[in-house]
Amino acid sequence: MRIGVLALQGAFIEHIRMLESLGAETFEIRNISDLKERPDGLILPGGESTVMSKLLQDLGLYEKLRSLILSDTPVMGTCAGLILLAKYVEGGRPSLATMDITAVRNAYGRQLGSFETYAPFADTGDIQMTFIRAPVITAPGKNVVVLAQVDGNIVAAREENQLVLSFHPELGKDPAVHRYFINMISGNA
């Protein structure tokens, strides 16, 4: 299993470490030549969604990534990655626009509004959730399954091959979310 991690900014190294601790092979995606071979899965990490969207265009990655996602390659988007995948972005422009959700950027406020909590995720029980200038989902489409909520806000959801999280599972020690994603790739979740 080979999982490509978008390595333009954000906590991509932490995603790589978490995946490799679970036995997955990873590679960094920095330019179009990194996608010569079809990956089994993709991770779009946190960062600054506007900058990431521009870099995807400038580096020629936009069409290839969008095509992979639309042809059922499993993808996990965390924080800014959630915003990149959202079809609708309140107060902003959609980017890849592949998942039927509405995202609200910085829903918990600026950097000072960052926090950590524990809450149930999917069927795995409570997990650590680290929120940094985090978005939330306000309008999941009819085929979107809500996987986690914090204070009534949707913070994790799935639509077919797409998994999105408002929080940063790569910054904690619990591999539950990355294990869930690996199971998605294997067809076991």
Test result for Ile101, more than 13 Å from Leu6 (Cα to Cα), in contact (Cβ under 8 Å) with a residue 60 or more places away in the chain and assigned to a helix (DSSP H, G or I): no
First in the range 156-184 and of a type in the set (Phe, Trp, Tyr), second anywhere and not in a loop (DSSP other than H, G, I, E, B), Cβ under 7 Å, 6 or more apart: Phe167/Met129; Phe167/Thr130; Phe167/Phe131; Phe167/Val155; Phe181/Gly41; Phe181/Met76; Phe181/Leu163
Residue count, the range 23-53 (criterion: modelled with pLDDT of 95 or more, surrounded by 13 or more Cβ atoms within 10 Å (Cβ to Cβ) and in a helix (DSSP H, G or I)): 3
So Asp72, is it in contact with an Asp or Glu (Cβ under 8 Å, 6 or more places away or on another chain) and closer than 22 Å to Ile182 by Cβ: yes
Conditions (1) on the phi > 0 side of the Ramachandran plot; (2) surrounded by 16 or more Cβ atoms within 10 Å (Cβ to Cβ); (3) out of contact with any Phe, Trp or Tyr (no Cβ under 8 Å at 6 or more places or on another chain); number of the one not met by Ala80: (1)
The range 75-91, residues that are closer than 15 Å to Ala134 by Cα and more than 13 Å from the chain's Cα centre (by Cα): Val89, Glu90, Gly91
Counted residues, the range 131-158 - those being surrounded by fewer than 19 Cβ atoms within 10 Å (Cβ to Cβ) and in contact with a Pro (Cβ under 9 Å, 6 or more places away or on another chain): 2
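The values are calculated or read from the model by the stated rules, or taken from the named source; none is laboratory data. It should be emphasised that the depicted structure is a prediction, and the values quoted were computed from it without experimental measurement. As a convention, Cβ positions derive from the backbone with ideal geometry for all residues, glycine included, and neighbour counts pool all protein chains shown.
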